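See below for the structure under consideration.
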């Protein structure tokens, strides 16, 4: 465990040094993420210019929800996205050999090689949106509420990570995983919607079957309406469940991996 | 003239063949677009639950607008033309065109048309599957003049979108990596092009200002003509005029970038 922490710190140091070498790139990508977050907030703002409630959620409740969804996604982008995105390409080119030869757990090594400081920087912006919305809602959460919120966001991060690992592991079967990441982004669009907006088949599919809605709704509800054991228990259960599925799919896929290098 | 037409007709046919090879990629993308449409239906459906109309339109016309925009995206939108051009410059594949009597813009545009024909046909498949669920919401106006004005607006919009992608692709002459610029531009285009929400929902002064930008004509303008969000033929004709001006401006920018970019370009190898 400690050795893996040391490896991760070395990778993080390498990523920061690399970012400092390509400062222009860092600025452009920070702006990219910032702009896309602004686009989502603008959508909320425009809708609430014409209505007072969406599925029973007020404007700032909705912004807190969207802020939470963005916070989880920024953490994913910052900590895991580049590494997992490259995993799909590396499986196709045979460069995945490199990870098999490294001194650590293969999934850990393949997921944490690169950090994206731009994603982490924008997590501060997403956090700012959550704080601003909480202020507008006149919420005064205690330390325990904040700790619970952070814990639930981390559970959400585990779920997002698991979905991405499962998506990118498709490369072991399909060889080319190009475009699969688009599926991940499409599914996470649902996490910016309130649970109460879903009806019928959509409710069954996106609220109960896929964890895309609960990841953001559970922490947002917890901070707005207070602790709810059912929500917390559900979130922990699906985080463990989906993480287990991700590990299973990854290692099943790994068995099919045949190096493409000479 | 005729020989020139045949030349690009062949480019179009080759483009058609190579894009049919990638039919599954387009099909998968079309399938995922249905999820995006589901998000739109759920979000706007919930917003309309609290009010009978938003911006003067009921739920049906608003959802029709988003369905039409989805179809337009696959028929006239630029997908990855900027990346393809960028790759050709970076890998030196562009060198072959410098020695041949081929206009690179027209060549790429012929391939763009072929690609949109394939992707446009393929988006109809998932839409047909979803049709029983969405047909109750679809509400189209019936005036004939919308077709007469909508078709030139669509043609100009396709040219506009391709020209923007072409210009971004040519930036590779100056920058090694253009992906960041492209995605940054996509964020701006998705808002000012009306893909996130109909532009008429913005405050009046912003909506008025947006009409002078090229993004307005990428998606919102043809979509609004077809779905009845724009109703005055005189205003639409003036819009087509402005759209044509933006096409000319972008063609001029594209030509300038091409000429100046080639001065910087180094062709290595045989």
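Report, by residue number, each residue of the stretch A:22-31 that is assigned to a helix (DSSP H, G or I) and either touching a residue at least 40 places away in the same chain (Cβ under 8 Å) or more than 8 Å from chain B (Cβ to nearest Cβ) (or both). Steps first, answer last, please.
Our first condition is that a residue be assigned to a helix (DSSP H, G or I); within the stretch A:22-31, this holds for A:23-31.
Within the stretch A:22-31, A:23, A:24, A:26, A:27, A:29, A:30 meet the criteria.
So is residue A:83 within 14 Å of chain B (Cβ to nearest Cβ) and free of Cβ contacts under 8 Å to residues at least 40 places away in the same chain or not? No; evaluated as a whole, the condition is false for this residue.
Any residue at all in the stretch A:90-105 that is within 12 Å of chain B (Cβ to nearest Cβ) and at pLDDT below 90? Show your work before the answer.
The initial filter retains those residues of the stretch A:90-105 that are within 12 Å of chain B (Cβ to nearest Cβ), namely none.
No: zero hits.
Scanning the stretch A:212-236 for residues that are assigned to a helix (DSSP H, G or I) and within 14 Å of chain B (Cβ to nearest Cβ) yields a total of 2. If you filter the stretch A:167-185 down to residues that are assigned to a loop (DSSP other than H, G, I, E, B) and at pLDDT below 80, you find that the one that is surrounded by the most Cβ atoms within 10 Å (Cβ to Cβ) is A:177. Which of (1) more than 30 Å from residue B:260 (Cβ to Cβ); (2) buried (at least 21 other Cβ atoms within 10 Å of the Cβ); (3) more than 11 Å from chain A (Cβ to nearest Cβ) is the odd one out, the single condition residue B:198 does not satisfy? Single failed check for residue B:198: (3). Restricting B:187, B:267, B:244, B:252 to those that are more than 14 Å from chain A (Cβ to nearest Cβ), under 30 Å from residue A:26 (Cα atoms) and either modelled with pLDDT under 95 or surrounded by fewer than 19 Cβ atoms within 10 Å (Cβ to Cβ) (or both) reduces the list to B:267.
Residues considered: B:179, B:211. Of these, the only one that is surrounded by fewer than 19 Cβ atoms within 10 Å (Cβ to Cβ), at pLDDT below 90 and over 13 Å from the mean Cα position of the chain (by Cα) is B:179.
Only one residue in A:157, A:164, A:124 is more than 14 Å from chain B (Cβ to nearest Cβ), touching a helix residue (DSSP H, G or I) at 6+ places or on another chain (Cβ under 6 Å), surrounded by fewer than 22 Cβ atoms within 10 Å (Cβ to Cβ) and not in a loop (DSSP other than H, G, I, E, B), so which one is that? Answer to the selection: A:157.
In the stretch A:190-211, what residues are part of a loop (DSSP other than H, G, I, E, B) and either over 17 Å from residue A:69 (Cβ atoms) or within 8 Å of chain B (Cβ to nearest Cβ) (or both)? Lay out the reasoning, then the answer.
Going through the stretch A:190-211, the residues part of a loop (DSSP other than H, G, I, E, B) turn out to be A:193-194, A:198-199, A:210-211.
Selection gives A:193, A:194, A:198, A:199.
Do we have any residue at all in the stretch A:34-53 that's more than 24 Å from residue B:203 (Cβ to Cβ) and out of contact with any strand residue (DSSP E or B) (no Cβ under 6 Å at 6 or more places or on another chain)? The answer is no; no qualifying residue exists.
With the condition being more than 14 Å from every other protein chain (Cβ to nearest Cβ) and crowded, with 16+ Cβ neighbours inside 10 Å, I'd like the helices (runs of 4 or more DSSP H) fully within the stretch B:1-108 carrying at least 2 qualifying residues. Show your work before the answer.
Numbers: elements: B:2-21, B:23-48, B:59-76, B:81-90, B:95-98.
Here the list reads B:2-21, B:59-76, B:81-90.
With respect to residue A:167, is the statement that it is within 26 Å of residue A:107 (Cβ to Cβ) and under 16 Å from the mean Cα position of the chain (by Cα) true? Considered against the rule, which asks whether it is within 26 Å of residue A:107 (Cβ to Cβ) and under 16 Å from the mean Cα position of the chain (by Cα), residue A:167 comes out as yes.
The values are calculated or read from the model by the stated rules, or taken from the named source; none is laboratory data. Computed from a predicted structure; not experimentally measured. All Cβ positions, glycine included, derive from the backbone under ideal geometry; neighbour counts span all protein chains shown.
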